[in-house]
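Data block below; observations after.
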Amino acid sequence: MSDVVMEAVDVHKRFGRLEVLKGISLDVSKGETVCIIGASGSGKTTFIRCINHLEKIDDGRITVNGHLIGYRQHHGKLVEDSEASIAKQRTQIGMVFQRFNLFPHKTALENVTEAPTRVLGTPRGEAKQEALRLLTRVGLADKCETYPGKLSGGQQQRVAIARALAMKPALMLFDEPTSALDPEVTGEVLDVMEELAHDGMTMIVVTHEMGFARKAADRVVMMDGGVIIEEGTPEHFFEAPEHDRTKQFLSKIL
Amino acid sequence: MLGAVDWHVIGQRIFHPDHVFFRAMYTTVYIAVIAQVMGVVLGLLAALMRTSKILPLRWLSGFYVLIFRGTPLLVQIFFVYYGANLMLGFTLIPNTLNLGLFTLDGAILAGILALGVNEGAYMREIIRAGIDSIDRGQMEAAKSLGMRYTLAMRRIILPQAARVIVPPLGNEFNNMLKTTSLVFTIGVYEMFSDAEIHYSQTFQPVEYFLAVAFWYLVLTGVWSLIQASIERRLSASERGDELSFRERLVAAWAPAGAFVRR
């Protein structure tokens with residue numbers, strides 16, 4: 001595959017003296033779905049947050065669609081980009097959070113139309129129509145006028161997916177999208193994500209849901225201690241994981 | 001002892017106040033309202049400056065609170081009225097200010113400025129607490145959708161913070177209505193001056209100060225009712241009533257509107 005959407009090269013990240021990312025390199029091609037697995041503290045969430053610059057990186061570089069994220073070249077050195085330019089880059093990158101982070105003072109529909117109208121300047125009517133289409137797609141056409149407080153966790157997360165999709169991103173990031181959900185509703189969120197993956201969306205998913213990885217992922221990446229220790233197809237991980245840490249980890253979650 | 005009190009005067013001041021008194025009450029109310037609005041605006045600016053990336057702005061915000069919360073309001077009022085023009089070398093506080101439609105007395109202007117700037121220091125803390133009460137994930141979600149800081153603040157953070165800010169803001173305004181009495185010291189004719197002048201002419205302190213206390217109670221009492229109604233309607237949404245924030249705000253201000261609409 002050629003069309004690289006996201007490229008991370010030797011990404012380092014420190015929180016004070018603690019180095020949480022110790023040189024992550026990863027390419028994700030157009031239409032690919034990559035699952036990142038690993039124990040908590042392995043740095044997977046930090047890494048995905050670096051991709052849309054919610055976390056600054058200390059070394060290395062990340063590009064999305066060929067654009068350097070969060071930084072620009074200045075006399076051969078990388079300096080942090082302006083706020084406006086970072087905001088613009090982020091419109092290309094959708095993000096779904098573990099805790100949904102829907103806007104509680106806005107209806108489901110308003111949550112979805114807010115950014116297209118305010119950031120992209122999409123006419124209200126057009127944005128509303130698109131939001132309706134997206135909410136229908138995630139199975140929530142009847143919840144348009146409902147506030148997040150009245151929605152279940154699974155419904156909130158599906159609204160959050162629709163909200164991110166409304167920006168027509170080139171890349172979707174999912175940060176443990178089902179970890180905060182009751183087991184009986186994780187399915188409805190994973191179904192939406194699976195459909196999205198099959199429709200050709202480029203996705204990076206931090207998850208422990210190996211069932212989802214098997215059905216939807218093109219590639220699985222195992223992180224441990226701030227580095228990628230193993231990479232391969234879902235089948236590889238189910239049938240013949242090589243690394244001891246991977247075997248140990250999988251035996252616990254499967 | 002009670003026999004020494006002239007109840008007739010108290011009754012007169014309470015039930016038949018003259019138009020000079022109403023004029024004074026009007027002055028009290030508009031000083032309080034303008035100073036409070038100024039306080040909210042300054043407080044918001046200072047609260048935002050406090051989290052700025054630019055270090056001198058953070059310093060300025062801290063210095064502002066340090067000075068205006070740390071020194072007596074009365075000193076600030078005197079300083080603005082008597083000292084500001086001298087210190088600045090130009091006329092910040094004119095004797096009278098011509099605003100086209102009406103003229104504003106210089107003392108009133110100084111009073112409003114001092115009260116408003118002082119209030120801003122307290123409002124900064126209240127607004128900061130409101131902003132801090134909003135989950136960090138809200139700003140992250142807004143940013144991940146491509147919103148810039150100011151847009152995210154305006155559309156996402158502040159509307160939610162308002163619910164936390166409004167109750168203490170109501171208390172501040174209650175305080176403000178009473179604190180305006182301090183501007184009598186620089187010669188503004190407001191409710192307390194009215195009482196003070198009558199007292200100095202008659203030497204009947206109990207009668208005039210009791211009556212003016214009653215009228216302050218009326219002002220704060222009316223405000224308490226408005227405030228309770230605003231808070232009741234704002235908290236209605238927490239019970240899950242499906243009203244948008246704008247609808248809630250409109251509903252919350254409806255009783256105030258009822259006074260105006262007659």
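Which of the residues spanning segment B:141-161 are at the interface with chain A (Cβ under 9 Å from one of its Cβ atoms) and among the hydrophobic types (A, V, I, L, M, F, W, C)?
Answer for segment B:141-161, where residues must be at the interface with chain A (Cβ under 9 Å from one of its Cβ atoms) and among the hydrophobic types (A, V, I, L, M, F, W, C): B:Ala141, B:Ala142, B:Leu145, B:Met147, B:Leu151, B:Ile156.
Yes or no: segment B:125-140 includes at least one residue that is within 12 Å of chain A (Cβ to nearest Cβ), surrounded by fewer than 19 Cβ atoms within 10 Å (Cβ to Cβ), touching a Lys or Arg at 6+ places or on another chain (Cβ under 7 Å) and of a type outside the set (A, V, I, L, M).
yes
Looking at B:Ser200, is it touching a Lys or Arg at 6+ places or on another chain (Cβ under 6 Å), modelled with pLDDT under 95 and surrounded by fewer than 21 Cβ atoms within 10 Å (Cβ to Cβ)?
no
What tally of residues in segment A:164-199 results from selecting those that are touching a strand residue (DSSP E or B) at 6+ places or on another chain (Cβ under 8 Å) and assigned to a loop (DSSP other than H, G, I, E, B)?
Residues flagged as touching a strand residue (DSSP E or B) at 6+ places or on another chain (Cβ under 8 Å) and assigned to a loop (DSSP other than H, G, I, E, B) within segment A:164-199 amount to 5.
Can you find a residue that is modelled with pLDDT under 95 and farther than 18 Å from B:Pro72 by Cα anywhere in segment B:109-121?
Yes, because at least one residue in segment B:109-121 is modelled with pLDDT under 95 and farther than 18 Å from B:Pro72 by Cα.
This table checks each residue for (1) over 19 Å from A:Val5 (Cα atoms); (2) out of contact with any strand residue (DSSP E or B) (no Cβ under 9 Å at 6 or more places or on another chain); (3) among the acidic types (Asp, Glu); (4) surrounded by 22 or more Cβ atoms within 10 Å (Cβ to Cβ).
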site	(1), (2), (3), (4)
A:Ser29	no, no, no, no
A:Gly38	yes, no, no, yes
A:Lys56	yes, no, no, no
A:Ile62	no, no, no, yes
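Would you confirm whether or not segment B:101-111 contains a residue that is touching a helix residue (DSSP H, G or I) at 6+ places or on another chain (Cβ under 7 Å) and of a type in the set (D, E, K, R)?
No, there is no match, as no residue in segment B:101-111 is touching a helix residue (DSSP H, G or I) at 6+ places or on another chain (Cβ under 7 Å) and of a type in the set (D, E, K, R).
Inside segment A:51-116, counting only strands (runs of 3 or more DSSP E) that do not spill past its ends, which hold 2 or more residues that are hydrophobic (A, V, I, L, M, F, W, C) and touching a residue at least 24 places away in the same chain (Cβ under 8 Å)?
Correct list: A:59-64, A:93-96.
Based on what the data block shows, is A:Thr46 in a helix (DSSP H, G or I), of a type in the set (Val, Ile, Thr) and either more than 13 Å from every other protein chain (Cβ to nearest Cβ) or within 19 Å of A:Val34 (Cα to Cα) (or both)?
So A:Thr46 fits the description; yes.
May I ask you to say which residue of B:Leu42, B:Leu48 is closer than 18 Å to B:Gly120 by Cα, surrounded by 13 or more Cβ atoms within 10 Å (Cβ to Cβ) and within 19 Å of the chain's Cα centre (by Cα)?
Sole residue among the options that is closer than 18 Å to B:Gly120 by Cα, surrounded by 13 or more Cβ atoms within 10 Å (Cβ to Cβ) and within 19 Å of the chain's Cα centre (by Cα): B:Leu42.
Within segment A:194-245, track down each residue that is surrounded by 19 or more Cβ atoms within 10 Å (Cβ to Cβ) and more than 16 Å from A:Val34 (Cβ to Cβ).
Of everything in segment A:194-245, those that are surrounded by 19 or more Cβ atoms within 10 Å (Cβ to Cβ) and more than 16 Å from A:Val34 (Cβ to Cβ) turn out to be A:Asp224, A:Gly226, A:Pro241.
Just wondering, is there one or more residues in segment A:90-108 that are surrounded by 21 or more Cβ atoms within 10 Å (Cβ to Cβ), more than 12 Å from chain B (Cβ to nearest Cβ) and either within 16 Å of B:Met147 (Cβ to Cβ) or not aliphatic (A, V, I, L, M) (or both)?
Taking every residue of segment A:90-108 in turn, none turns out to be surrounded by 21 or more Cβ atoms within 10 Å (Cβ to Cβ), more than 12 Å from chain B (Cβ to nearest Cβ) and either within 16 Å of B:Met147 (Cβ to Cβ) or not aliphatic (A, V, I, L, M) (or both).
Any chance segment A:213-222 includes a residue that's closer than 30 Å to A:Gly125 by Cα, of a type in the set (D, E, K, R) and assigned to a helix (DSSP H, G or I)?
No, segment A:213-222 contains no residue that is closer than 30 Å to A:Gly125 by Cα, of a type in the set (D, E, K, R) and assigned to a helix (DSSP H, G or I).
Within segment A:150-164, which residues are within 14 Å of chain B (Cβ to nearest Cβ) and surrounded by 22 or more Cβ atoms within 10 Å (Cβ to Cβ)?
A:Gln156, A:Gln157, A:Val159, A:Ala160, A:Ile161, A:Ala162, A:Arg163, A:Ala164
Every residue, every condition in (1) more than 14 Å from chain B (Cβ to nearest Cβ); (2) more than 21 Å from the chain's Cα centre (by Cα), yes or no:
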residue	(1), (2)
A:Arg118	no, yes
A:Gly125	yes, yes
A:Lys128	yes, yes
A:Ala131	no, no
A:Thr146	no, yes
A:Met167	no, no
A:Thr178	yes, no
A:Glu184	yes, yes
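For segment B:1-15, does any single residue satisfy the condition of being crowded, with 18+ Cβ neighbours inside 10 Å and under 22 Å from the mean Cα position of the chain (by Cα)?
Among the residues of segment B:1-15, not one is crowded, with 18+ Cβ neighbours inside 10 Å and under 22 Å from the mean Cα position of the chain (by Cα), which makes the answer no.
The values are calculated or read from the model by the stated rules, or taken from the named source; none is laboratory data. Keep in mind the model is a prediction, meaning the values are calculated, not measured. As a convention, Cβ positions derive from the backbone with ideal geometry for all residues, glycine included, and neighbour counts pool all protein chains shown.
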